[in-house]
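What follows is a short report on a single structure.
The values are calculated or read from the model by the stated rules, or taken from the named source; none is laboratory data. Keep in mind that what you see is a predicted model, and the values were worked out from it rather than measured. Cβ coordinates were reconstructed from backbone atoms using ideal geometry, including for glycine residues, and neighbour counts include every protein chain displayed.
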């Protein structure tokens, strides 16, 4: 368990040290790659955000570099791929190694809740911009939430904030992003309400739900 903490801390440190490309650099790449730039950009989005690098960096860049019609669906697709890669990797490497931790009765109760109704927890967390995208991926993989709940909750929960962020970034380039800014705050409030609701709702159902990874 200690080495897992060390790995996570090392990744976080690496993410803070490694510089991310700025908009001017990305515009230069767009000129060089031409029609292949969207493919390269969103492929990088999907791969880089597996690490603890802020997803918002790519989302706001997409808002400036592309039209909302391109930026929104491609950002959500890239987010889903990144979440899947992180979830599957951590689930296969770390889930069994943390079994003893989940055996604690306090953690076991939370784990059971996530196994049966994890979609509400994950979906609510995705609505709150302050909660790091990568941390939710790693933490969910170490619990018993099924992948079939995790991915839809991630995509659906990320959709409102992604739309708001892209519209905000796009609007700011035109001089007004007030509506999108208010929308971002509203979605965060909905996410917090969802987290409170999830904590208060009783958990029903059998305790033998399958836990696994895609493929």
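Within the stretch 83-93, does at least one residue satisfy the condition of being in a loop (DSSP other than H, G, I, E, B) and at pLDDT below 90?
No, the stretch 83-93 contains no residue that is in a loop (DSSP other than H, G, I, E, B) and at pLDDT below 90.
Determine which single condition residue 157 fails, assuming it passes every other condition in (1) modelled with pLDDT under 60; (2) assigned to a helix (DSSP H, G or I).
(1)
Would you please list the contacts, defined by Cβ atoms under 7 Å and residues six or more apart or on different chains, that run from a residue in the stretch 42-59 that is free of Cβ contacts under 8 Å to residues at least 24 places away in the same chain to a residue that is part of a loop (DSSP other than H, G, I, E, B)?
58/49
I'm checking my understanding of the structure. Among residues of the stretch 68-89 that are over 15 Å from the mean Cα position of the chain (by Cα) and touching a residue at least 24 places away in the same chain (Cβ under 8 Å), which one is nearest to residue 170 (Cα to Cα)?
The extreme case among them is 68.
Look through 122, 211 and report the one residue that is closer than 22 Å to residue 50 by Cα and modelled with pLDDT under 60.
211
Based on what the data block shows, is residue 134 at pLDDT below 85, under 30 Å from residue 67 (Cα atoms) and crowded, with 17+ Cβ neighbours inside 10 Å?
No: the conditions fail for residue 134.
Which members of the stretch 125-150 meet the condition of being over 10 Å from the mean Cα position of the chain (by Cα) and either part of a helix (DSSP H, G or I) or within 15 Å of residue 50 (Cα to Cα) (or both)?
Within the stretch 125-150, 139, 140, 141, 142, 147, 148, 149, 150 qualify.
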